[in-house]
1. Only one of (1) closer than 30 Å to residue A:65 by Cα; (2) touching a residue at least 40 places away in the same chain (Cβ under 8 Å); (3) touching a strand residue (DSSP E or B) at 6+ places or on another chain (Cβ under 6 Å) fails for residue B:91. Which number is that?
2. Which of (1) of a type outside the set (Ser, Thr, Tyr); (2) in contact (Cβ under 8 Å) with a residue 40 or more places away in the chain; (3) part of a helix (DSSP H, G or I) does residue A:370 not meet, given it meets every other one?
3. In this structure, is residue A:60 farther than 30 Å from residue B:253 by Cβ and among the charged types (D, E, K, R)?
4. Identify, please: which residue in the range B:376-419 is of a type in the set (Asp, Glu) and at pLDDT 95 or above and is, among those, surrounded by the fewest Cβ atoms within 10 Å (Cβ to Cβ)?
5. For the range A:1-101, give me every one of the helices (runs of 4 or more DSSP H) that falls completely inside it and has 3 or more residues that are under 26 Å from the mean Cα position of the chain (by Cα).
6. Write out, first by first residue and then by second, each pair whose Cβ atoms fall under 7 Å of each other, whose residues are 6+ apart or on separate chains, and whose first residue, in the range A:76-96, is closer than 22 Å to residue A:7 by Cα while the second is among the basic types (Lys, Arg).
7. Mind telling me which of the residues B:51, B:27 ends up being assigned by TED's automatic domain parsing to the domain that holds residue B:362, closer than 23 Å to residue B:248 by Cα and at pLDDT 95 or above?
8. Assigned to a helix (DSSP H, G or I) and within 14 Å of chain A (Cβ to nearest Cβ), is that true of residue B:190?
Amino acid sequence: MKRRINPDKCVACSTCVVQCPVAEVTSKFLGPRMLGPASERFRMLNAGEDDSLSYCANCKNCDISCPQGVEVSNINMLARAEYCRENRPSFRDWILAHGELEAKLVSYFPSFLVNFGMANPISKQILDMVGVSKKADLPKFASKQFPAMFKEYKQPENLTKRVVFYPGCFIKAYAPQTGMDLVWLLNKAGYKVEYPEVFCCCGTPLYTNGFEADARKNAVKNLEELAAWRKAGIPVLSLCPSCQLMFKSEIPAFFPDLAENMESTALDDAMEFILGCINRGELDISEADTSPLDIIYHAPCHLRAQGIGFPGLDILRLLPGVHAVNADAGCCGISGSYGFKKEKYDIGMAIGSKLFDTIKDSGIRQVATECGTCKVQIIHGTGNPCDHPLTILRRRLDKKTTK
Amino acid sequence: MNRKTDIVVVGSGLAGMSAALTAAQSGKKVTLLTHGAGTLAISSGCIDVLGYLNGVRVADPFESMATLPAEHPYSLIGGAETVREAIDWLKSVCRKGGIDMAHAAEEGNHTLITVMGTLKPSYLCPDSFNPDCLKDVHRAAVVTVENMKDVHPGLIIDQLHRYAELSDKEFMEAVLPCPIEHAHRNITPLDIARHVETPEGMKWLEKSLMPYAKLYPVLLLPPICGMKHSQQIWNQLCSALKVKIIEMVSIPPGVAGLRMRDVLKKALNAAGVYMVESAEVVRAEVEEGRCKTVHTLTASGEDAWEADSFIIATGGLLSGGISTAPGKAWESIFQLSLDAPADTEAWSSPDIFGSSFFASMGVKVNHELKPLNGEGNVCLDNVRFAGRVLGGYDFAAEKSGNGVALATGRYAGMLAGKE
C-alpha cells in the first residue's frame, strides 16, 4: 500500500524554502516546498518524479521551520522509497546504506589493514569512481568494534538497576569508545547495562538511500526486541540523534503498520537519562575535574527536530570549570552519508562552512556534539577535536583516563 | 522531562524574539519554545508602526497613536513613548548585528516601494530601503534579474506612474543577466541576495549595474544586496557606482526579514536564551490563576517547562495562536475564549482591504498585557501576551503588524524581567 502524507496543511508560505540548507547553497535543488507538498499533488496523479529528489538531505530543517506542522522531509523520503521500488539505487548508494554489513565483514580483519585498504589513494580513487568523493574523510573502523569491546568489559557486580543500550551502527563500528563511556557512566550511577546483539541498524541510511525493504526488515527486528524490554519495564537508551529520530517519528511515518501495535516506538535518550541520574543524585559530579575548559557545542539537526532541547549541552553546563557555548550555526552539511557522495560533497561543505567559521571565530578548540557523522564533518571542516558530550563528562569524572 | 527556568517565551516571531531578548538582557534565564520559525524570516524586515487609521493614510504614526481606542495594544502599553523606546532598542540591536536602520522620514512614515509597484507606508526600514533619494531626481532605473520570479519592471513602472507624486518621473526597465546557470527552480531575490554575499556575486552585481549607474542617479532593485553583510555591500555598491540604490520591498521570501531574523537569533544566543525548536506547546497547568508549566508534545509523551512567568507570542489564526470553529474562537494554549460574532458570516468583510474579525480577533489584556476574563479581571497572573495573538487591533487594515509585535514583545519582556 502506498503511504501518503496529506500535503494540504502547507499554505505555501515559503518558510521552509528560506531555512533549507541545501536550497541555500545550490539551485540544482527544487527546494522543500516544491519537492515536498507541491509535487506530492502531482505524485498522486502519477505525474512522474522530479529530477532533484536525491538532493533532499533529509536534514529536517524544513520540518523544524514549518509553522503548520507539515512533514516535508517525510513526504520526500516516502517519494524516494516509491521511486526506488521501480528504479534501483546505485552501487554507491548500496555501499553507503549498508555500513553495518560492511562493518561486520571487516570486523574479521585487522582494522589497520582495513583502514589502509580504504584510505589509500588507490582505494579512494576506486571509491571516487563509484561515486564516493575522494575529498571526503570517511569515518575509520575502530580496531575493536562495540560488540567485542562490550563482551570483554567487566561491569561492577551488585548493580541492582538495569538499562538496555541500543548503540546504533555508527557507535558499533566507528566510535565504540563513546558507547563504552556511556556504559561506564551508567555503572557509576548504579545501572547494569544490557546489550542485546540482535539490535541492528535503525534503518536511517537504508531508507534515505532508497532501500525500503531492508529498512523494514531492521525495523521489524528492532521493534520486536524493544517491545520485549519495554514489557519488562527496562528503558532502552540511545546516544545517536538520528537513530532516536528514526524510532520516534520516522518508523511510524514510514511503516505505520509496524508502529500501530505499540504505544510508542521511541527509544529513551541517553543524554536525558544521564541528566536525570545527575538530578536524582545517582551520578555524583561533585568530584569532577574542575580545570577550566571552553567548549563550543553543535546541536545536530536531528536533535533539534525532536523538540527536547539540548540535554547534552545541559550536562556540560552542570560541570564545574566548563564554559560551554552553543554554536547555533545550523546544519553541518553531512546528513549521514549525503556529504560523502561525490556530487554532494561540495554542497555539504558549503552548508557546513557557516558552522566551521563559527567554530574557528570562537577561538575555542574543543567541540562537542552527539552525532557521529556531524563529528566526522566538523573535524574534516575545522581540524578541531570534537567529542560526544558524554565522553567529555567521563573524562572529567574518571580519574583513570588520561586527558 | 521537566525543566525549570525564570521565564518561558512561546513563539519565535518578532514579538517572541523581542520579549526573550529583552528579558534575557535584564538578567533573567529565558527559555524560548517555538513550533516553526515564525513569520519574520519571510517578511519585509520593515517595521510598519501605523500606516492607516479608519482607512485613511497616516502621516506620523506617533501623532495618530493618541487617537487610537483604549483597547488598542499601543494604548494599553502607554502609547507613543513606549513604542518609540522599542523602536530605538531594535535599531540598536540591528546596528550591533550589522544592519543600519534608516532615519525616520520627515513626515513620519516612509513611503516604501514594493516589487508590485505599489507604495506602502512604514515607519522603520533598513537604510537600503529608504526611498527619500527618489524625491530629488527625475530619472531612475527599475532593475530585475533575468528569469527572476515576481519582479517585473514593466509592471512596476506602470503601477508607479499611477501615483501622483511619481507620475512625472522617468523610469527605465533594466534586466541583468542571471548569474546562476542551469537553475532547477525559479530564481527569487533570496537566491540572488545569497549569491551577492559571495565575492564573485558582488563583482557580478557591481559590473552588471555599471552601465545603468552611468545613466541614472537612482536604481530600484529587488532586495538582492547580500545577506549577512548587506549593509556593507549596499554601502560599497552605492559608493563604487556613485549612485543611490533603493531596495524594493518584496513578497515572501522577503530577504530583509531573514536578515533581521538572523541578527535577532544571534543576539538571543549571545544573551544566553535557550531556544528549543520543534516544540509545540499544547497545554498548560494552571493553579489558582497562575501558570505552573507549559507542555510540549514529544513522540514519547510530553515535556513540561516550568517558569515563574510566561510570555505567549504564538501568533494569530495562521500561526496557531488562535483556534476557531464556526461561531467561536479561542486562544490555543489556555483555551481563553475570545469574543466572536456568533454568525461566522460576519467574520469577514466584502471589502478585502477593509477591517475584518479574522484579522482583529485576539486575546483581551490589561495594561500589563495580562489576559482578562469576561468580567474584565486578570485570569492568569503570571502570563503575558504579545504580538498577533492580541486583540484590539487589525494589523492588516492598519499596517501595524510588526510595530505591535515589537512594542508588545519588548514591553512584555521588560515587565517580566523586572519581576
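1. Only one criterion in (1) closer than 30 Å to residue A:65 by Cα; (2) touching a residue at least 40 places away in the same chain (Cβ under 8 Å); (3) touching a strand residue (DSSP E or B) at 6+ places or on another chain (Cβ under 6 Å) is unmet by residue B:91, namely (2).
2. (3)
3. Values: farther than 30 Å from residue B:253 by Cβ: no; among the charged types (D, E, K, R): yes.
No, not satisfied.
4. From the range B:376-419, those of a type in the set (Asp, Glu) are B:381, B:394, B:398, B:419; that's our starting set.
This time we only want the ones that are at pLDDT 95 or above, so: B:381, B:394, B:398.
Numbers: B:381: 13, B:394: 21, B:398: 27.
Result: B:381.
5. A:15-19, A:21-25, A:61-65, A:72-86, A:91-97
6. The qualifying pairs are A:78/A:3; A:79/A:43; A:82/A:2.
7. B:51
8. Values: assigned to a helix (DSSP H, G or I): yes; within 14 Å of chain A (Cβ to nearest Cβ): yes.
Here the answer is yes, as residue B:190 does meet what is asked.
The values are calculated or read from the model by the stated rules, or taken from the named source; none is laboratory data. In this text the structure is predicted, and so the values were computed from the model without any measurement. Positions of Cβ are backbone-derived with ideal geometry, glycine not excepted, and every protein chain shown enters the neighbour counts.
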